[in-house]
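**Q** The structure that follows is given in the form of structure tokens.
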Amino acid sequence: MALDDDIRTLSRVALFESLGEEHLRLLAFGAEPVRLPAGQRLFREGDIADSAFVVVSGRIGLYRSRGSGREPVASVENGAILSELALIAESQRLMEAVALVDSQLLRIDRKTFIRVLQEYPSLASTLYDRIADDLQALVNRLDRLSPHFES
């Protein structure tokens, strides 16, 4: 895939939509293309997360461990980002990710992401605000669901 295609893909990711062309170019240049055939695992639940993945094409199924098996949680397609928290903090994968169909992704490692933030400090504030908004939206969704889980 060409660099310009990677830049276009990254520009459609919600986390990166406020980034300028030069920021996206640096991310795209440092991103590693990943091809994943249908049925292949991208990562396991509990693995150390040192990178995020952007779905370029295809569909990725997300699963949580449940007893001796696994339970489907969701599936994501083009433009989705997986494990975005790994870009800024050491963490573990919260779910297992498996290609449901032949898929292409971009792997963005933490070092590349931090390098972009160091080169453009004002960008860190913008991304901080975006992540804070995403976390607040998650808290609001959990608050709405909490009555369903009360005993």
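**Q** Only one of Val116, Val139 is out of contact with any Pro (no Cβ under 9 Å at 6 or more places or on another chain), of a type in the set (Val, Ile, Thr) and touching a residue at least 24 places away in the same chain (Cβ under 8 Å); which?
**A** Result: Val116 is the single residue among Val116, Val139 that is out of contact with any Pro (no Cβ under 9 Å at 6 or more places or on another chain), of a type in the set (Val, Ile, Thr) and touching a residue at least 24 places away in the same chain (Cβ under 8 Å).
**Q** Restricting attention to segment 97-114, does a residue exist that is crowded, with 21+ Cβ neighbours inside 10 Å and in contact with a Lys or Arg (Cβ under 6 Å, 6 or more places away or on another chain)?
**A** Yes, segment 97-114 contains at least one residue that is crowded, with 21+ Cβ neighbours inside 10 Å and in contact with a Lys or Arg (Cβ under 6 Å, 6 or more places away or on another chain).
**Q** Within segment 23-45, can you find the residues that are in a strand (DSSP E or B), farther than 30 Å from Asp129 by Cβ and open to solvent by 30 Å² or more (accessible area, probe 1.4 Å)?
**A** Once the filter is applied, which keeps residues that are in a strand (DSSP E or B), farther than 30 Å from Asp129 by Cβ and open to solvent by 30 Å² or more (accessible area, probe 1.4 Å), segment 23-45 yields Arg35, Arg41.
**Q** For Gly69, only one of the following conditions fails: (1) touching a residue at least 12 places away in the same chain (Cβ under 8 Å); (2) small (Gly, Ala, Ser); (3) within 12 Å of Glu96 (Cα to Cα). What is its number?
**A** Answer for Gly69: the failing condition is (1).
**Q** Given the structure, is Gly20 open to solvent by less than 40 Å² (accessible area, probe 1.4 Å), farther than 17 Å from Leu100 by Cβ, of a type outside the set (Ser, Thr, Tyr) and without any contact (Cβ under 8 Å) to a residue 40 or more places away in the chain? Talk me through it step by step, then tell me what you get.
**A** On the way: open to solvent by less than 40 Å² (accessible area, probe 1.4 Å): yes; farther than 17 Å from Leu100 by Cβ: yes; of a type outside the set (Ser, Thr, Tyr): yes; without any contact (Cβ under 8 Å) to a residue 40 or more places away in the chain: yes.
The answer is yes for Gly20.
**Q** Output the number of residues of segment 98-120 satisfying the condition of being farther than 17 Å from Ala52 by Cβ and either at pLDDT below 90 or out of contact with any Gly (no Cβ under 7 Å at 6 or more places or on another chain) (or both).
**A** 3
**Q** Which numbered condition trips up Leu85, out of (1) aliphatic (A, V, I, L, M); (2) more than 23 Å from Ala124 (Cβ to Cβ); (3) open to solvent by 60 Å² or more (accessible area, probe 1.4 Å)?
**A** (2)
**Q** Mind checking which pairs have a first residue in segment 33-49 that is touching a residue at least 24 places away in the same chain (Cβ under 8 Å) and among the polar types (S, T, N, Q) and a second that is surrounded by 15 or more Cβ atoms within 10 Å (Cβ to Cβ) and part of a loop (DSSP other than H, G, I, E, B), Cβ under 6 Å, 6 or more apart or different chains?
**A** So the pair list comes out empty.
**Q** Go through segment 49-71 and give me each residue that's open to solvent by 60 Å² or more (accessible area, probe 1.4 Å) and modelled with pLDDT under 95. Please lay out each step first, then the result.
**A** Restricting attention to segment 49-71, the residues satisfying the condition of being open to solvent by 60 Å² or more (accessible area, probe 1.4 Å) are 50, 59, 64-68, 70-71.
Asp50, Arg64, Ser65, Arg66, Gly67, Ser68, Arg70, Glu71 - these are the residues of segment 49-71 that are open to solvent by 60 Å² or more (accessible area, probe 1.4 Å) and modelled with pLDDT under 95.
The values are calculated or read from the model by the stated rules, or taken from the named source; none is laboratory data. Treat the numbers as computed from the prediction; the structure is a model and nothing was measured. Note that we place each Cβ from the backbone using ideal geometry, even for glycine, and neighbour counts take in every protein chain shown. In case anyone asks, the SASA skips ligands and DNA or RNA and just uses the protein heavy atoms, side chains included. Shrake-Rupley method; radii C 1.70, N 1.55, O 1.52, S 1.80 Å.
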